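Below you'll find the structure, written out as structure tokens, and then a few comments.
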Amino acid sequence: MLRILRPVGHSTDDKDIKAAAAILKSGGVVAFPTETVYGLGARFDNEAAVAKVFAAKGRPRDNPLIAHVSHPRQLQQLVTGMNALEEKLMLAFWPGPLTLVLPKTAAVPYIVTGGLETVGVRMPGHQLALSLITAAEVPIVAPSANISGRPSPTSARHVAQDLFGRIDALVDGGDTPLGLESTVVQVRGDVINVLRPGGVTREMLASETGCHVISSVHHEDSASAPIAPGMKYTHYAPRALVTLYEGQAIVDIGSDARSLQQSNVSVAVIAFADTLSTLPRGVNIYTLGDRGSVDIAARRLYAYLREADDLGVQQILVEGLESKGLGEAVMNRLYKAATTVVRR
Ligand code: TXA
Ligand code: MG
């Protein structure tokens, strides 16, 4: 059973938004769209509701949730304060895909923060999300609305695929415009530390503040030698084996797809148009558009990974892109999805 709500309007008066808000208020869990990906919401101050979110996703209890507000004044309930740089970031990028990690108040239960003294907070840039939070009259914690370890959902259909029977309602607001999660940052002194790259790029953070931006994201992309097959990340992964091609190795995608096909392995390729034109017939192709553009990659990546899985494809070959701007977030997700990275 899954109650699907399709609001016609995006305001707090809409009857479907009111219905979803009432479920949240009374301790239910509701999936809803944001500008990044769909989230699975619960009121932040109801431990039983938050526990349902962890259970529905199969999420480890030590992985903290982001609390979403529809107005900065709701932060009083969530955080003890913010310094000038944090406030500058908030004013520059909210509503939008930036999560600030700040010291939590006593009102935020430890189940939300995975036992930490800090809480991630953001104001989403999506009118449906904002109206829902306003109508619920309380900040809403929401991780991405996927089963833990699966690609994040960028459409209501993806949410239903993963969470049917596990949640109280789903607000369908169509495809999410950005397609990748928010950037998670923590300010230390006058340095901005990126914990997860996302919709607000490192370049945007630096130019807005003039501050030094560092990254404490861990992936093994700094190795110069090809990385051994079998290396498996646990996030954002489809069921198929994913091979990520970088640098000169990209020219091998066509011939690798052909040899896999000859061994009766079903293949999908996610690549720029130039590369796709070199592929043999029978390969499932997903375009990233023109080389150099990162928009389609950001918006469509998760949907492509899911679609390839739905087709029952055994191997997905993906063309990597330059890790700058929004490309940094795209590549971060690709490293996590990849079983093998081929680079030369
Ligand atoms: O765009 C998004 O951020 C989406 C939408 C729904 O808002 N949400 C999302 O939530 O991606 P989730 O739970 O899938 O990812 C939250 C990330 C995790 O990597 C988590 O570890 C980190 O934020 N995080 C949350 N609170 C934190 C904290 N107090 N300290 C450090 N990292 C934190
Ligand atoms: Mg997630």
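The values are calculated or read from the model by the stated rules, or taken from the named source; none is laboratory data. Please read these numbers as outputs of a predicted model, since none were measured by experiment. Note: ideal-geometry Cβ built from the backbone for every residue, glycine included; neighbour counts use all protein chains shown.
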Legend entry - Tally of residues being at pLDDT below 95, more than 13 Å from Gln315 (Cα to Cα) and crowded, with 19+ Cβ neighbours inside 10 Å across the range 228-261: 1
Inset, instruction - Give me a count of the residues in the range 20-54 that are hydrophobic (A, V, I, L, M, F, W, C) and within 13 Å of Asp172 (Cβ to Cβ). - result: 4
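The rows are residues; the columns are (1) of a type in the set (D, E, K, R); (2) over 24 Å from Tyr335 (Cβ atoms); (3) within 11 Å of ligand 1 (Cβ to nearest atom).
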{"position": "Gly125", "(1), (2), (3)": "no, yes, yes"}
{"position": "Ser131", "(1), (2), (3)": "no, yes, no"}
{"position": "Val141", "(1), (2), (3)": "no, yes, yes"}
{"position": "Glu181", "(1), (2), (3)": "yes, no, yes"}
Inset, instruction - Answer yes or no: is there a residue in the range 213-227 that is in contact with an Asp or Glu (Cβ under 8 Å, 6 or more places away or on another chain) and at pLDDT 95 or above. - result: no
Inset, instruction - Check Ala48, Ala55, Ala21 and return the single one that is among the hydrophobic types (A, V, I, L, M, F, W, C), more than 16 Å from ligand 1 (Cβ to nearest atom) and surrounded by fewer than 19 Cβ atoms within 10 Å (Cβ to Cβ). - result: Ala48
Legend entry - Contacts under 9 angstrom Cβ, first residue in the range 160-189 being aromatic (Phe, Trp, Tyr), partner in a loop (DSSP other than H, G, I, E, B), 6 or more apart: Phe164/Met1; Phe164/Leu2
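Give Gly81, Gly96 a once-over and let me know the one that is free of Cβ contacts under 8 Å to residues at least 24 places away in the same chain and either within 17 Å of the chain's Cα centre (by Cα) or loosely packed, with under 14 Cβ neighbours inside 10 Å (or both).
Working: Gly96 fails: free of Cβ contacts under 8 Å to residues at least 24 places away in the same chain.
Among Gly81, Gly96, only Gly81 is free of Cβ contacts under 8 Å to residues at least 24 places away in the same chain and either within 17 Å of the chain's Cα centre (by Cα) or loosely packed, with under 14 Cβ neighbours inside 10 Å (or both).
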Legend entry - From Thr201, Thr183, residue being touching a strand residue (DSSP E or B) at 6+ places or on another chain (Cβ under 7 Å) and either within 16 Å of ligand 2 (Cβ to nearest atom) or modelled with pLDDT of 95 or more (or both): Thr183
Inset, instruction - Out of Ala42, Ala55, Ala67, report the one residue that is part of a helix (DSSP H, G or I), closer than 27 Å to Ala303 by Cα, within 16 Å of ligand 2 (Cβ to nearest atom) and of a type outside the set (D, E, K, R). - result: Ala55
Inset, instruction - Could you tell me which numbered condition Val108 fails, if it satisfies all but one of (1) outside any strand (DSSP E or B); (2) within 20 Å of the chain's Cα centre (by Cα); (3) within 12 Å of ligand 1 (Cβ to nearest atom); (4) under 27 Å from Ala22 (Cβ atoms)? - result: (2)
Inset, instruction - Check every one of the helices (runs of 4 or more DSSP H) wholly within the range 262-344 and list those with 3 or more residues that are surrounded by fewer than 21 Cβ atoms within 10 Å (Cβ to Cβ), at pLDDT 95 or above and within 16 Å of the chain's Cα centre (by Cα). - result: 295-310
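Kindly indicate whether Leu195 is crowded, with 24+ Cβ neighbours inside 10 Å and assigned to a strand (DSSP E or B).
Considered against the rule, which asks whether it is crowded, with 24+ Cβ neighbours inside 10 Å and assigned to a strand (DSSP E or B), Leu195 comes out as no.
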Legend entry - Scan of the range 126-172 for residues that are in a loop (DSSP other than H, G, I, E, B) and either surrounded by fewer than 20 Cβ atoms within 10 Å (Cβ to Cβ) or away from ligand 2 (no atom under 16 Å from the Cβ) (or both), ordered by number: His126, Glu137, Val138, Pro139, Ile147, Ser148, Gly149, Phe164, Gly165, Arg166, Asp168, Asp172
Inset, instruction - Return a yes/no flag: does the range 97-106 have any residue that is among the polar types (S, T, N, Q) and within 15 Å of ligand 2 (Cβ to nearest atom). - result: yes
